[in-house]
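The values are calculated or read from the model by the stated rules, or taken from the named source; none is laboratory data. Just so we're clear, the structure is a prediction, and the values are computed from it rather than from any experiment. Because the Cβ atoms are built from the backbone with ideal geometry, glycine has one as well, and the counts that use them run over all protein chains shown.
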Amino acid sequence: MASQNKIIITCAVTGSIHTPSMSPHLPVTAEEIATAAIEAAEAGAAIVHLHARNPVDGRPDQSTEAFAPFLQVIKQRSNCVVNITTGGAATMSVEERVRPAKVFAPEVASLNMGSMNFALFPMLERFKTFEHEWERPYLESSRDRIFRNTFGDIEHILRTCADNGTRFEIECYDIGHLYTLAHFVERGLVKAPFFVQSVFGILGGIGTHPEDVAHMKRTADRLFGNEYHWSVLGAGRHQLPIATQAIALGGNVRVGLEDSLWIGKGKLARSSAEQVTKVRQIIEGFGASIATPDEARHILQLKGGDKVAF
């Protein structure tokens, strides 16, 4: 399963890392998030990875009331696979983070594989002025913030979603996270095929050197053999270089404004769809082709869009 003829593009359209003052193109309202997801799917993303935000000030919002409006619109207007975060934001409890996935039973939910320093404060070197009062303290406080994902937290998310038929985008920010996944596989709490999303470039996790990318893949190959599908995301300016390396190695890719606000050096992306289009061009330049949503469902053995609760 580790290699395939079709490459799955995941698009994460807003996230909880960037704040609204960093880009006028970052989706905040339910309408903006729905539009961004649908446009990304039309550009070639098989999966859309979704966070919610407060529509007034753009802060992360993990309430079901924040998710419901855009989930319904996306389902009505697109066949894409919907992936709901259980990461939420590092400031939230695990119970708060898992609730939307529990209630809406998506085909895919994200699942972080370890506690870590998750440093956002370096962005204060680039961005100096903020529209909303919460933004600067949110970034600055990451100096002393641990993004908690203990073994107990991970098991809680797995067991909470066990009856939903939801599969997981397993987010691994470092090599040890692969071994944590192996632990839960051995216990039978995660079933093949595994969708392993390797994350590069978050300060506190693995770096962005090509050898870091290769090391992640070698380790996953050794631990999971043919029982997993590998995908990558590179943070910030590393998005497309890391995607290109993964494509060359037969992997899948994730792009979107959650992971990077940029489309080129010093140039803000106007939308996540613009990034999808760019990475699709790279994929097709390698002579490969992208997976449709239904092909992604087949590859990842998902339950189908008719079996979600939204």
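Test of understanding: among Ala30, Ala34, which residue is surrounded by fewer than 22 Cβ atoms within 10 Å (Cβ to Cβ) and under 19 Å from the mean Cα position of the chain (by Cα)?
Values: Ala34 fails: surrounded by fewer than 22 Cβ atoms within 10 Å (Cβ to Cβ).
The conditions single out Ala30.
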Problem - All positions within the stretch 217-234 that are touching an Asp or Glu at 6+ places or on another chain (Cβ under 9 Å) and over 18 Å from Val255 (Cα atoms) - result: Tyr228
Practice task
Can you tell me which residue among Ala12, Ala89, Ala101, Ala68 is buried (at least 19 other Cβ atoms within 10 Å of the Cβ) and out of contact with any His (no Cβ under 9 Å at 6 or more places or on another chain)?
Solution key: Ala101
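Every residue in the stretch 8-30 that is within 22 Å of Glu42 (Cα to Cα) and of a type in the set (A, V, I, L, M), please. Explain how you work it out, then say what you get.
Let us first name the residues in the stretch 8-30 that are within 22 Å of Glu42 (Cα to Cα), namely 8-15, 24-30.
Those that are within 22 Å of Glu42 (Cα to Cα) and of a type in the set (A, V, I, L, M): Ile8, Ile9, Ala12, Val13, Leu26, Val28, Ala30.
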Fill in the blank from the handout: Flagged in the stretch 188-213 as free of Cβ contacts under 8 Å to residues at least 12 places away in the same chain and more than 23 Å from Ala109 (Cβ to Cβ), in numbering order, are Gly207, His209, Glu211
Handout entry: Filter result for Arg159 (under 20 Å from Val108 (Cβ atoms) and surrounded by fewer than 13 Cβ atoms within 10 Å (Cβ to Cβ))
Key = yes
Completion exercise
By residue number, the members of the stretch 163-179 that are within 30 Å of Pro241 (Cβ to Cβ) and either at pLDDT below 95 or surrounded by 19 or more Cβ atoms within 10 Å (Cβ to Cβ) (or both) are Arg167, Phe168, Glu169, Ile170, Glu171, Cys172, Tyr173, Asp174, His177, Leu178
